[in-house]
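Okay, so here's the structure we're looking at.
What follows draws every value from the coordinates through simple rules; no lab data is involved. Here the structure is a predicted model, which is why all the values come from computation and not from measurement. Every residue, glycine among them, receives a Cβ derived from its backbone with ideal geometry; neighbour counts consider all protein chains shown.
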Amino acid sequence: DFQRDFINPVLEGMNEDIKREGKQVGMRKGTSQAGVNNAPYFSRVWNIIDQLLLSIKVKEAVPLIVEDLKAGRKPVIALKSTMEAMFQKMVENLELKKGETIPLDFSHVLKRGMETVMKYTETDAQGNDVKADLNPEDLTATGRSRYYSMMEKIQRMTTGIPISPIDILRKGITDAGFEAVEITGRHTIFKLNEDGSRGEFVTNDRGDKIKAVARFNNNPGVAAIVNRAGSTGISMHSSPDFLDVSQRTMWTLQNDLDINVVVQLFGRIYRADQLNKPIYNMVTSTLPAESRMFMMNAKKLKSLDANTSGNQKHSKSLADVDDFLNKYGDDVVFEYLKENPDINRRIGDPLNIGGKDPNKQNAAHRVTGKIQILPSRMQEEFYREVAERYRNDIEYRNSTGTNDLMVTNEELDAVFKKSTVEIEGNGGYSYFGDDTVLNEAEVNVTRKPFTKAQLEEQLEKVPDNHVEDLRAAMEKGIESQLDTQIRNVQRSSEEARALWRQKIEDKDGLSPEDKVREYELKKNEIDERESDRINNLRVVSQLNKAKFNKYFDFFEPGKGLEVPFTDDEQLGLVRMNKGVFVSFDVNMNKANPWVPSNVMLKFATTDSRKMFRIPVSKYNHLDAIIGNSYHISNAQSNEIMEDWDNIKKSRTRETRYLVTGNILQGMNKYKKGRLVKFSMEDGSIVKG
């Protein structure tokens with residue numbers, strides 16, 4: 001906000017002043033909009049937060065590592081960043097010199113971030129760049145006041161978080177009477193004082209990497225600190241060739257985002273000839289900013305494990321996290337930001353939801369990076385809400401057979417009734433040269449539907465006046481949420497008007513009349529934007545009301561229906577089975593429960609879906625059910641319920657369509673379905 005409100009206007013004014021000279025002023029890469037709209041800055045924020053998380057954990061990790069050493073084990077501490085790039089930058093800027101002793105508090109990183117915001121680049125007509133820094137005196141009076149206030153807070157701040165965590169590790173290990181060798185490639189280190197709060201900046205007497213590894217492998221009581229500089233070309237396992245064959249342990253305090261480096265580091269202490277298997281410890285905090293990093297690495301490790309074992313569920317023992325960094329997570333995150341415009345505005349509308357061409361690609365990955373600038377409470381709410389929505393979405397996709405993220409194993413005992421070559425292959429010896437074959441198959445019903453008695457038991461749990469009570473709560477809830485959202489918009493607009501009034505008042509060289517005129521122009525712009533935002537909120541509220549009322553009107557508990565498996569069944573491949581609407585499910589514990597993704601409709605069917613839920617956000621599927629069930633009279637609806645057990649009995653086998661041969665061609669043609677390994681009636685296993 002500081003950069004957007006006080007730096008950008010100054011640079012825009014400089015541009016106007018020097019355009020006649022054929023020059024242009026621009027933000028230095030990575031300093032635009034305080035990270036809101038400029039991706040390189042967010043990359044920098046990511047690195048700062050990553051380093052901050054390492055620094056927070058290091059003091060807690062030291063006793064655990066020392067405990068390993070006391071037990072005779074050989075700890076290897078893996079991390080990514082050394083912070084040396086920042087220290088070298090301080091040397092270049094004459095802020096630090098060899099032999100100098102400085103406070104080693106993380107507030108130095110914040111100070112450098114504040115200084116970076118003031119940097120800009122001036123480009124002349126020949127394309128030559130000149131880097132420069134704004135002076136605080138170049139800002140408006142309000143901007144100067146804000147700048148000095150922020151810098152004063154940073155300079156007074158003592159976080160207690162170390163700026164050089166590797167040196168804290170080394171000191172903690174050596175103070176306990178053990179030795180630490182380092183394989184990180186650092187050229188400089190800090191010699192710490194007794195409590196580690198200050199350090200002398202000196203050259204790192206690194207020595208030879210091979211000698212450091214040999215010292216670790218052949219001597220008891222030695223720990224090793226490694227990063228990607230030690231990820232290849234060395235062996236640190238419990239080998240009979242080494243003098244010390246004690247069990248190795250790895251403490252991963254900070255994962256490298258390159259999964260190849262992570263696995264290579266893991267491999268330093270795991271080898272075929274090892275005498276003792278190693279122990280791996282992944283150290284993570286409960287801070288929401290770290291949950292994303294942990295999720296990313298869990299996803300990559302899970303993917304690697306699936307590639308080697310063929311079973312992704314096996315990887316759950318590695319890390320049981322909600323991994324929504326995938327195409328379904330992209331949909332969930334996109335929907336979340338649409339339903340939470342205030343959050344979307346705070347992080348700068350990264351998916352362009354408010355524009356003409358919203359961009360959903362890699363939404364989960366991009367948005368979770370930007371969420372880090374929000375307060376921890378809001379980050380926690382984001383991760384909790386998105387994880388719950390994602391689980392609901394996967395539940396829905398599993399029920400409807402549209403989850404293609406994992407290969408599932410199914411005992412179908414399939415019998416192909418009809419097979420058609422849909423795409424001819426090119427021949428050859430690989431699967432990619434095979435024909436793509438569509439098989440109409442009779443298969444087992446893999447999940448047994450409810451009996452009539454069980455279904456009636458489910459319906460008895462539904463309260464009287466279930467639908468009308470929810471309708472009344474919905475009307476009241478949406479109006480209350482709309483009032484809150486409008487007040488937030490009005491408060492935000494009033495703050496913007498006050499800010500611009502002060503900024504224009506601080507401008508030099510303008511007459512009182514010019515200041516009034518300029519403020520009125522800016523005020524009209526803010527008023528128009530406020531009116532548009534409020535109108536959009538009202539439109540969304542009315543659309544949601546209409547959508548909910550449509551489903552409240554049609555779906556009554558116990559109503560018999562025709563329930564297609566998905567909303568886009570192709571002609572000739574339709575799987576339509578009898579079902580009954582059971583109830584609406586709404587999580588009323590949410591701050592805003594009346595959004596489409598939080599209102600679920602529960603259906604029971606006579607097929608293997610048994611009972612499943614569809615959120616209102618999947619309105620295409622709900623509309624497909626309505627479209628296929630309009631012809632059902634009340635008498636026919638009651639008949640479905642009365643004959644439920646008879647219908648169900650005939651459902652021990654059902655028809656499915658299975659694509660075999662060149663599966664990739666089939667997925668490309670049908671754009672739907674999921675990957676399975678299924679059994680044939682003769683016991684053979686087929687992929688499709």
Could you name the aspartates and glutamates in cross-link range of K360, using Cα to Cα under 12 Å and dropping any fewer than eight places away on the same chain? D330, D331, E335, D349
On each of the three principal axes of the Cα atoms of the stretch 415-487, give max minus min coordinate, whole Å, ordered largest first. 66, 46, 17
Taking a ≥ b ≥ c as the square roots of the eigenvalues of the Cα gyration tensor, with a/c under 1.5 meaning rounded and otherwise prolate when a/b exceeds b/c and oblate if not, the stretch 86-166 is oblate
re the stretch 381-505: pairs of Cα atoms spaced beyond 22 Å account for a percent value of 74
Mind scanning K119/K370; K89/K515; K70/K98; K111/K338 and naming the pairs with a C-alpha gap bigger than 32 Å? K89/K515; K70/K98; K111/K338
Going from the alpha-carbon gyration tensor of the stretch 466-553, what semi-axes, largest first and in whole Å, does one get by taking the root of 5 times each eigenvalue? 43, 11, 6
Compactness summary of the chain: radius of gyration and Dmax from Cα atoms, Å, are 31.4, 92
Between Q502, I478, N488, whose Cα lies farthest towards the positive end of the dipole of the stretch 478-530 when Lys and Arg beta carbons carry +1 and Asp and Glu beta carbons carry -1, centred on the Cα centre? Q502
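Could you work out the local net charge near L192, counting Lys and Arg as +1, Asp and Glu as -1, over the other residues with Cβ closer than 12 Å to its Cβ?
My count for the surroundings of L192 gives -1.
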Rg(Cα) of the stretch 133-254 divided by 2.2 N^0.38 Å? 1.53
Taking the dipole about the Cα centre of the chain, with the C-beta of Lys and Arg at +1 and of Asp and Glu at -1, give me whichever of Y120, P162, L325 is farthest to the positive side. P162
By DSSP, what percent of the beta bridges with both residues in the chain are antiparallel, rounded to the nearest 5? 70
Mean Cβ count within 10 Å, highest first, over the residues of peptides 415-426, 106-117: 106-117, 415-426
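So how strong a dipole does the chain carry about its Cα centre when Lys and Arg Cβ are +1 and Asp and Glu Cβ are -1, to the nearest 20 debye?
For the chain, the charge dipole is close to 1240 debye.
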Any aspartates and glutamates with Cα under 12 Å of the K669 Cα? List them, leaving off those in the same chain fewer than 8 positions away. E422
Here the relative contact order (percent) of the chain, from C-alpha pairs under 8 Å and at least 6 apart, is 12
Helix hunt in the chain: which complete DSSP H runs extend at least 20 Å axially by C-alpha with mean Kyte-Doolittle at least -0.5? 39-70
What 222 nm value per residue comes from the helices of the chain, counting each DSSP H run with n ≥ 4 as -39,500 (n - 2.57) and dividing by all residues, nearest 500 deg cm²/dmol? -15000 deg cm²/dmol
Unit charges at the beta carbon, dipole of the chain: most positive-side option, V76, L134, L287: V76
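Say the cut-off is 22 Å between C-alpha atoms; which of K327/K547; K74/K277; K545/K618; K461/K547; K578/K671; K448/K677 go over it?
K327/K547; K461/K547; K578/K671
Tell me, what are the semi-axes, in whole angstrom and largest first, of the equivalent ellipsoid of the stretch 570-688 as set by the roots of 5 times the Cα gyration tensor eigenvalues?
Semi-axes from the Cα gyration tensor: 30, 22, 15 Å.
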I423 long-range amide H proximity, modeled H, under 5 Å: T436
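From the P(r) of the stretch 417-574, could you give the percentage of C-alpha pairs in the tail past 26 Å?
So the pairs more than 26 Å apart make up 66 percent of the total in the stretch 417-574.
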